[in-house]
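Structure first, then comments.
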Amino acid sequence: MTSNGWLQIAVFFALLLLAAKPLGLYMARVYERQKTWLDPVLGPVERLLYRLTGVNPEAEMRWTEYGAAMLIFSCATLLLTYAIERLQHAIPIPMLNPQHLAAVEPYLAWNTAASFTTNTNWQSYVPETTMSYLTQMAGLATHNFWSAATGMALAIAFIRGISRRESKTLGNFWVDLTRGTLWVLLPICLVYALALVSQGAIQNLKPYDTVTLIEPQTVTAPGADGKPVTTTVTTQTIAQGPLASQEAIKMLGTNGGGFFNANSAHPFENPTPLTNLLEMLSIFLIPAGLCITLGRMVGSPGHGWAVFAAMSVLWFAGVATCYWAEAQPNPLLHGVNQRVATAGPGQSLSPGGNMEGKEVRFGVADSALFATVTTDASCGAVNSMHDSFMPLGGMVPLANIMMGEIIFGGVGSGMYGMLIFVIVTVFIAGLMVGRTPEYLGKKVQAYEVQLSMLYVLIFPLIILGFAAVSVLIPAGLSSISNHGPHGLSQILYAYTSSAGNNGSAFAGLNANTHWYNSTLGITMLVGRFLMIVPMLAVAGSLATKKIVPPSLGTFPVNSTLFTVLLVSVILIVGALTFFPALSLGPILEHLLLRSGISFS
Amino acid sequence: MSATHTGTSKKRAMFESSIVRRAAVDSLKKLNPRLQAKNPVMFVVEVGSVVTTLLLILPHGSTHFAFNLQITLWLWFTVLFANFAEAMAEGRGKAQADALRKAKSETTAYMLRADGNVEEVPSSHLRVNDKVRVVAGQMIPGDGEVIEGVASVDESAITGESAPVIREAGGDRSAVTGGTRVLSDVIVVRITSNPGETFLDRMIALVEGAQRQKTPNEIALNILLAGLTIIFLLAVVTLEPFAVYSSAPQTVFVLISLLVCLIPTTIGGLLSAIGIAGMDRLVQHNVLAVSGRAVEAAGDVNTLLLDKTGTITLGNRQASEFLTAAGVTAEELADAAQLSSLPDETPEGRSIVVLAKELYGLRGRELANLNVEYIPFSALTRMSGIDMEGRSIRKGAADAIANYLKENGSILPDEVRATVDKVARQGGTPLVVAENGRALGVIHLKDIVKGGMRERFEQLRAMGIKTIMITGDNPLTAAAIAREAGVDDFLAEAKPKDKMDLIKREQAQGKLVAMTGDGTNDAPALAQADVGVAMNSGTQAAKEAGNMVDLDSNPTKLIEIVGIGKQLLMTRGALTTFSIANDVAKYFAIIPAMFMVVFPQLAIINVMHLSSPESAILSAVIFNALIIVALIPLALRGVKYRPMSAAALLQRNLWVYGLGGIIAPFIGIKLIDMIIASIHLV
């Protein structure tokens, strides 16, 4: 670990801290339909959209109606994306498919549509050779906006459930969706995409380039008869496309689906250290801002900051562990000098730490930070390969997702997921002050506890359930690339990533099989929509309650003590659930590696 | 009755041997799966125990018989200990119920028939609206209302208080309870409840916990615990496939041990005991709650409505000074005041006599020797006084005396009026004294705030509870007393409807309101309040309307009731936190033990350096069982509660039960392991 590395991590957090408040307050204004400086431009657009769609922006929805509208919208956009993928070859505009890519396979098209609808962006395909520009733009990039705006709308609905007094309704889904897209996502993405372009990200509709390699490469691969065949490669295809526009929302909307297969490790997606910083920041930007929005809308700014602090503590614990683990040399490579020319006496023989799977442009610190941020939030974009991390370094992304994607979390989903944990925390600890637990004046009673526990329960159920089956059946075991504890980690990671709607992977696992495609697909849908239902029910129930005015007897939710408590509950619930599985995965792998044992 | 009455007379030792014996038997009876299933956490443990028992007796090739046997036994102990905790809590109530049943013996009732004759019937034959006559020395045969006469009644069978109380027809002291004894005089009682529905019957049922229903918070907590149990069940069930994948399969004994250690058995086992003990604590304070729900609500109370008279101030006003009119000496005024008060038997009147004696050495005179006519207080004149030997003395409220003077062609001087206003502003009641058409001055009658009330209101404020004083006084007087007593707010010139409106107004803001009351006109407000404590001395209507009855009829006890409610909730929260925090250590004991045989590298997680895998697992299971027993006293007594702000309480309890819950099992498991290793149990 270097002071430079720590400094970069510190700079990242300082910038986040600076950006959170103004954005959070702005978002509160947007969702409360107050005046903003963008109204002169966006107001007419908004009104036009309502007129065209017949939406009455004044109509309030109950939680059931809100949920139904959200499901209808998600289902419709899922089908639209599916249709675009299936029909991409038939669109008679050459510039939208210069590579003449064929229709996407039905199953893959379905998987991808579901993956982008759930904000997971798990990619079972190589984008460069599968998706036309039309699909990338109209199918995937737009979905990045929609699923993000949906998540934000749901979070706002939940916050209204807390702040409203004896109300049956939670707002209007269509209005929240529209305003979130127009006022928050679009303006930021517009500026952000231009900034990316300024750094070298591409934005075009050109056919792919072919360049001659300066240094021809010899590649050995098994031929048709199974014998190794050696070929010499002299040219390389450089993929092109409307990248910057998609890259912006991919990060800002915590979607994470790469325009290219290499995702943010690709120089076009993430050209410079500056874009790397911007991309990490943009992952946390909205989730961090929503903490402040929460504080503003419920009338307790301190509570917003307390939640922000809890998220920050968990984030820091993750990044510190990951950075520490990755800065160590692999013990199996001990004695192998990885930097012959510069290692002086007394210096580590691999001073860069574990560089396998990392972009040399970003190094260990920025890779560890990126991996932590992208898995804290349910983004899933990567600038390094998590599968190649050291066992404990790789455990951090895994454990981050296992906490429930609430460490800042997905846009919106992180906030409502965290608020469910807040309710559980308030309930467990709230009794200790000698009152029926109250959350910001709302009594937490059997109904809320029941649904919150259901929410908490669904998550490990799908992860551990499918993973347990996968380690027992050949269809599950045949996909892992390493045996021993790392294989278990790969399987756990796949289900955890899908359930948490993250989308990153331990890429060693070949997930493009019938078993994994189908079960991971189910996991993604359950992890998004089945968890939303109890969450909205809790919000609906909270909204109907009276607000007990705060007094000295009220359980404090804006104190450091509360932050400590919230962090403890998240860690204990998460750890107690997943510790047995982790102990046989990354922890065991780490201990075995230290004693020199590895698996192939 | 002092404000700090704690009902010590009824306190029992925590582990009375008769209760322990009965509880031990009951804990076996509670193994019945149908009873056990009411507690999902302990039901899972029982199922686990049955499974391990079956595996133990079925023929199989296992080699670890001694280990498996001990695990199985300790699993059963875990269930039994939890049952024992509940049985202990119930046992204390049952002992109380037995004592009450003794008061319920069959007696002969003297029923008054419509024709005026008296008929002897067994008390169990009495029905609502029957009228019975009870004379001194007889037991009152059933709950009822005195409709004729006045008597002193020994209610010690119910209240434990030996001093007799007065019960009389009409007014707010008319209710009598079956099983109490008339000590003097004769009363006629109209029976108000049928056999089996009497107060005593309800009381027995309540303390026995026969109709115990889970309270709202208990239900919610049960759901949380059930949810955690399912999560841990999932974690353990899926662990076996992962273990098989890792070539380190586990036995069912080990897996069930892990499961039982992880699920919240500590709180699961003690939860109902905590609830029963909370009700029991209330009974020990001589308060009966119709449901546990009311006790919980007491903990949630935001606003306390307290009647001024009898709660905040001593029941009676006392004369505190004589304020003379111009040209009148203090002795003159005191003499007239004392003379006019001599025949006045009210406490106020007596206090005037006493004050005159104390200040000016004026002795009470024997009026019978003088030719005196006493003019008693009447609602019409609102004055009292005497006429004697050319002296005509009157005392009364300022406007009444002003009228009296006007009729006699005189007026009330402005300076006396000013004195009257001054006294009123200070919270006192001014009584003007006039003799032969001349105002002599003012007697300052003062409300005496009970000792220690200010401190108690400060404690309540620290807990975030607002106190509102209810009084019939005018706003000026009320404000002064409110200031002196330190209440947050007051409702002056309160009529029953104002009280009701105030409760509704507070409730509309989401607040929970508690109040006491005894009169029939309090009944609607008692019913509306979230916690309505009726005085046992009050009317039947008041007792029916409230959700608690204070047998001591001490309105100040509302403050203790709030404390008991909070203590009940806190005990649940503290033990839940403790229970969950315990799991951390158990993981560190069991997980390495499970896999160390195959992967010796995992020994590094064995932070407690437990002697062997078997011993580690057994130690965790034993700790898990013993901690339930160890916490029974805490569950029954409740966690320590001192009035302080929620933030301070939370911090304190988190240190004790959160951090303590993490550390305690590390020490406990290590100790048990050392014992196991030293005597070679496994």
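The values are calculated or read from the model by the stated rules, or taken from the named source; none is laboratory data. Note that this is a predicted model, so its numbers are computed, not measured. Glycine also receives a Cβ, built like all others from the backbone with ideal geometry; neighbour counts cover every protein chain displayed. With ligands, DNA and RNA removed, areas are computed over all heavy atoms of the protein, side chains included. Shrake-Rupley method; radii C 1.70, N 1.55, O 1.52, S 1.80 Å.
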Accessible area buried, both sides summed, chains A and B with 1.4 Å probe, Å²: 5200
If the cut-off is a Cα-Cα distance under 13 Å, which aspartates and glutamates reach B:Lys102, setting aside same-chain residues fewer than 8 apart in sequence? B:Asp201
Antiparallel content of DSSP bridges confined to chain B, in %, to 5: 75
Given B:Leu339, B:Thr238, B:Gly292, which one lies farthest toward the positive end of the charge dipole of the range B:216-367, if we put +1 on the Cβ of every Lys and Arg and -1 on the Cβ of every Asp and Glu? B:Thr238
For the protein assembly as shown, what class follows from the C-alpha gyration tensor (a ≥ b ≥ c being the square roots of its eigenvalues): rounded when a/c is under 1.5, otherwise prolate if a/b is larger than b/c, else oblate? prolate
So how tilted is helix A:39-53 from the main axis of chain A? Cα-based, degrees 0 to 90, rounded to 10. 90
What are the ³J(HN,Hα) couplings of the range B:78-86, residue after residue, when phi is run through the Karplus curve with 6.51, -1.76, 1.60 and θ = phi - 60°? Round to Hz, x for glycine and proline. 4, 5, 5, 4, 5, 4, 5, 4, 5
Average beta-carbon neighbours from other chains, 10 Å sphere, peptide B:218-227: 6
Tell me, what HN-Hα J-couplings in whole Hz come from the Karplus equation 6.51 cos²θ - 1.76 cosθ + 1.60 at θ = phi - 60° for each residue of the range A:264-277, using x for Gly and Pro? 7, 8, 6, x, 6, 7, 9, x, 9, x, 5, 5, 4, 5
Which far-off residues, 5 or more places away or on another chain, put their amide H under 5 Å from the one on B:Thr313, with H placed in the peptide plane? B:Lys450
When the charge dipole of chain A is computed with +1 at the Cβ of Lys and Arg and -1 at the Cβ of Asp and Glu, the Cα pointing farthest to the positive end, of A:Phe529, A:Leu440, A:Met395, is that of A:Leu440
Stokes-Einstein diffusion coefficient for chain A at 25 °C in a medium of 0.890 mPa s, Rh from the Kirkwood formula over Cα pairs: what value in µm²/s? 99
Cβ neighbours within 10 Å, averaged per peptide: list A:403-415, A:84-96, B:633-645 in order, most packed at the top. A:403-415, B:633-645, A:84-96
Computed, not fitted: 222 nm per-residue ellipticity of the protein assembly as shown from DSSP H runs ≥ 4 (each -39500 (n - 2.57)), nearest 500, equal to -17500 deg cm²/dmol
Taking H as built 1.01 Å from N, whose amide H comes closer than 5 Å to the amide H of A:Gly241, not counting residues under 5 places away? A:Asn204, A:Lys206
The range B:169-221 and the range B:452-519: distance between their alpha carbon centers, rounded to Å: 28
Over the protein assembly as shown, with the other protein chains present, what is the accessible area per residue in square angstrom, probe 1.4 angstrom? 37
Under a Cβ-Cβ cut-off of 12 Å, what is the net charge of the residues other than B:Ala37 that fall near it, where Lys and Arg count +1 and Asp and Glu count -1? +2
Can you list residues whose amide H is under 5 Å from B:Thr429's amide H, if they're 5+ apart or on another chain and H is modeled 1.01 Å from N? B:Leu445, B:Lys446, B:Asp447
Share antiparallel - DSSP beta bridges, the protein assembly as shown, percent rounded to 5: 80
The range B:247-373, dipole about Cα centre (Lys/Arg Cβ +1, Asp/Glu Cβ -1), debye to the nearest 20: 700
Among A:Gly223, A:Leu154, B:His64, the residue whose Cα sits farthest towards the positive end of the charge dipole of the protein assembly as shown (+1 at Cβ of Lys and Arg, -1 at Cβ of Asp and Glu, taken about the Cα centre) is A:Gly223
Enumerate the calculated ³J(HN,Hα) couplings along the range A:285-302 in order (Karplus 6.51 cos²θ - 1.76 cosθ + 1.60, θ = phi - 60°), each rounded to whole Hz, writing x wherever the residue is Gly or Pro. 4, 5, x, 5, x, 5, 4, 5, 4, 4, x, 5, 5, 8, x, 9, x, x
Considering only protein heavy atoms and a 1.4 Å probe, what is the carbon-and-sulfur percentage of the accessible area of the range B:94-199? 48
In vacuum, with every alpha carbon of chain B counted as one equal point scatterer, what does the Debye formula give for log10 I(q)/I(0) at q = 0.05, 0.11 Å⁻¹? Two decimals, please. -0.37, -1.12
Can you bin every Cα-Cα distance in the range A:467-539 into 10 Å intervals starting at zero and give me the percent of pairs per bin, rounded to whole numbers? 21, 49, 21, 9, 1
What distance in nm separates the simple spin-label points at A:His100 and A:Ile72, each placed 7 Å from Cα in the Cβ direction? 4.3
Which angle from 0 to 90°, rounded to the nearest 10, does the C-alpha axis of helix A:142-163 make with the longest principal axis of chain A? 30
Excluding ligands, DNA and RNA, the carbon-plus-sulfur percentage of the accessible area of the range A:475-600 with a 1.4 Å probe reads 66
So which residues in the range A:524-553 end up with at least 20 square angstrom less accessible surface once the other protein chains are there, compared with the chain by itself, probe 1.4 angstrom? A:Lys546, A:Val548, A:Pro549, A:Ser551, A:Leu552, A:Gly553
Tilt of helix B:199-208 relative to the longest C-alpha principal axis of chain B, in degrees (0 to 90, nearest 10)? 30
Counting only protein heavy atoms with a 1.4 Å probe and every protein chain in place, the carbon and sulfur fraction of the accessible surface of the range A:230-318 in whole percent equals 67
Most packed first (mean Cβ within 10 Å per residue), the peptides A:177-183, A:237-243, A:224-230 order as A:177-183, A:237-243, A:224-230
Only Lys, Arg, Asp and Glu count, each charged at its Cβ (+1, +1, -1, -1), so figure out the dipole size of the protein assembly as shown about its Cα centre, rounded to 20 debye. 500
Only Lys, Arg (+1) and Asp, Glu (-1) charged, at Cβ; the range B:387-465 dipole about Cα centre in debye: 340
Taking 0.36 nm per residue of separation and subtracting the Cα-Cα distance, what length does fully extending B:Ile667 through B:Ile147 add? 180.5 nm
